[in-house]
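The values are calculated or read from the model by the stated rules, or taken from the named source; none is laboratory data. Note that this is a predicted model, so its numbers are computed, not measured. As a convention, Cβ positions derive from the backbone with ideal geometry for all residues, glycine included, and neighbour counts pool all protein chains shown. For accessibility, only protein heavy atoms count, side chains too; no ligands or nucleic acids. Shrake-Rupley method; radii C 1.70, N 1.55, O 1.52, S 1.80 Å.
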Amino acid sequence: KKTPFSGEKKIFKLVSFSVEALGFPQGATAKEIFAKAKQLGLELCPAEVGPQMRLSYSDQPMDEWLYLAMEPIADASGGPGVFGVVRNDGGSWLCASYASSDYRWYSSGQFVFVSRK
């Protein structure tokens, strides 16, 4: 309820990259990942992309976890988080994944960005 959404209808071209594909084979912090993405011409996603992506991505492959590259929001316990769009044996989910400034994401983590191109 506290997450700011623009309320404006927009279409975004989304792309995803693993942390390793962004040049971090040993993993990286969100700050490092987002800075590298910016160098590559990518942008952070507005928060509303997470819920909309969950609703529209009905054919998501089983066991795929996608994390939104976005400004962290407060999760249920007040900690910083980013949206995750997940499909597993339990179903399709929109979750908040912990994203403190010192948390290191595994190299296999997949992030979704807005492409400027």
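For the chain, the relative contact order works out to 38 percent when only alpha carbon pairs closer than 8 Å and six or more residues apart are counted. For the chain, the Kirkwood hydrodynamic radius comes to 14.5 Å, computed from all pairs of different C-alpha atoms. Of the solvent-accessible surface of the stretch 28-68, computed with a 1.4 Å probe and all protein chains present, 55% belongs to carbon and sulfur. Would you list, by chain and number, the aspartates and glutamates whose Cα falls below 13 Å from the Cα of Lys13, excluding same-chain residues fewer than 8 positions away? Candidates past the 8-residue exclusion: Glu43.
Keeping every protein chain present and rolling a 1.4 Å probe, give me the accessible area per residue for the chain in Å².
63 Å²
Per residue of the chain, the DSSP helices (runs of n ≥ 4 H) give a summed -39500 (n - 2.57) that works out to -4500 deg cm²/dmol at 222 nm.
Figure legend: label point modelled 7 angstrom from the Cα of Gln26 along Cα→Cβ; residues of the stretch 91-105 with amide N under 16 Å from it are 103-105.
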